[in-house]
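Have a look at the structure below, then the notes.
The values are calculated or read from the model by the stated rules, or taken from the named source; none is laboratory data. Keep in mind it's a predicted model, so treat the numbers as computed, not measured. Every residue, glycine among them, receives a Cβ derived from its backbone with ideal geometry; neighbour counts consider all protein chains shown.
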Amino acid sequence: MKTCFGFARNIMHEVHNQRSRAAQELPAGLSTSGNKTLGLFGVEASVFLGEVLRQLPARDRELILNAESVPQEKLAEQMGIPLATLRVWLHRARNKLKKLLRRPPGLAGGS
């Protein structure tokens, strides 16, 4: 979960940077928050990440969480799939997570 949280934190940093660039193009009175974690810290960030993870299909969620603590080779063996397949599935699952994390605040809930 620690690495998953780090992955999510990095995505939130990217979102912040994109919003900061957009804020620079806005008139002087309008700006976005200077907070790189979108105002989320500690428990609040963990709750947010948990909510986002619950929006993923079960297999994707399990892949992301297990890949952070189990070597990919062992995970592929446990799932009975080739390592290359696991890596493709994991890449796709992380992209889905990234897409969910990049939604504007307030839209991270179900679609």
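Specify the residue that is farthest from His91 (Cα to Cα); the eligible residues are those in the stretch 29-58 that are at pLDDT 85 or above and not in a loop (DSSP other than H, G, I, E, B). Walk me through it before giving the result.
Initial filter on the stretch 29-58 (at pLDDT 85 or above): 51-58.
Right, trim to not in a loop (DSSP other than H, G, I, E, B) and you get 51-54, 58.
Details: Glu51: 20, Val52: 17, Leu53: 15, Arg54: 18, Ala58: 15 Å.
Ranking the qualifying residues of the stretch 29-58, first place goes to Glu51.
The set of residues in the stretch 60-103 that are part of a loop (DSSP other than H, G, I, E, B) and closer than 15 Å to Ala8 by Cα comprises Glu68, Arg102, Arg103. Contact annotation: residue pairs with Cβ atoms under 6 Å, 6 or more positions apart or on different chains, pairing a residue in the stretch 92-109 that is within 14 Å of Arg61 (Cβ to Cβ) with a partner that is among the polar types (S, T, N, Q) and modelled with pLDDT of 90 or more, are Leu100/Gln55.
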